[in-house]
């Protein structure tokens, strides 16, 4: 199953609901283009909902890191929501769990974004 | 039993190697978490072979072999590229590499498998991935 995405706006935060696989040749390019497009449109508070992401490989991890640094360098914030156990374990093994701001409650995640950023 | 596949240097071959790994590991009786880790390790090694080794060259092949023994699942993945020196692969956990986009594949393979060996071919690289079967896995063989 390839990656699918849809976006929602709540209180100035863009929530990207992702599902399927984020892997080389499948979801990774889609994710990259999506984040760049959001930034170009001025969306600087981005919450990636990974709750329905079934699989992620090292290329997918690389794209998450790239999205994080791209948004940060553009003056915005990117956070992760609803990690599955597999994705959670991968981010722990690769020491990225401390790099990302990871949330498991959508309302709290939205509230955690800086006002007016 | 040993089964091997000679595959084109494409992403379809990567997916195929991953699928066979998943089925082989499940058939060998590994629990679901381990099946996922073994299949992911094969995917990472196959991506290295196709992308970094063979550079998608249609004239070069990737060879993937699976062997289930009484004690282990042994998987070999070989490319026909210019060769990989694994000692030169940077540590993805070091501070200067933590936010790099790539370079985590071999690290994940080593984290997930019990033994990982590299062998230089002429031309190319062969990586051997070994996962030992616990008593539970050996007992479950053939029941899945």
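The values are calculated or read from the model by the stated rules, or taken from the named source; none is laboratory data. From a predicted model like this one, the values you see are computed outputs, not experimental measurements. Here Cβ is always computed from backbone atoms with ideal geometry, including for glycine, and neighbour counts include all displayed protein chains.
Some observations on this one:
- Annotation: of all residues in the stretch B:63-83 being part of a strand (DSSP E or B) and in contact with a helix residue (DSSP H, G or I) (Cβ under 8 Å, 6 or more places away or on another chain), the one that is farthest from the other protein chains (Cβ to nearest Cβ) is B:68.
- Taken together, the residues in the stretch A:93-117 that are loosely packed, with under 12 Cβ neighbours inside 10 Å and either over 30 Å from residue B:91 (Cβ atoms) or at pLDDT 95 or above (or both) amount to 7.
- Inside the stretch B:1-25, residues that are part of a helix (DSSP H, G or I) and surrounded by fewer than 20 Cβ atoms within 10 Å (Cβ to Cβ) make up a count of 8.
- Count of the stretch A:53-75 residues which are farther than 20 Å from residue A:37 by Cα and not in a helix (DSSP H, G or I): 5
- Where a residue in the stretch B:84-103 is facing chain A (nearest Cβ under 8 Å) and its partner, wherever it lies, is in a helix (DSSP H, G or I), with Cβ under 7 Å and at least six apart: B:92/B:107; B:99/A:65; B:99/A:69; B:101/A:62; B:101/A:65; B:101/A:66; B:102/A:62
- Residues that are surrounded by fewer than 17 Cβ atoms within 10 Å (Cβ to Cβ) and over 12 Å from the mean Cα position of the chain (by Cα) do occur in the stretch B:44-54, at least one of them.
- Complete set of residues in the stretch A:9-52 that are within 14 Å of chain B (Cβ to nearest Cβ), buried (at least 23 other Cβ atoms within 10 Å of the Cβ) and either part of a strand (DSSP E or B) or modelled with pLDDT of 95 or more (or both): A:22
- Any hit, the stretch A:91-102, residues being away from chain B (no Cβ under 14 Å) and at positive phi: no
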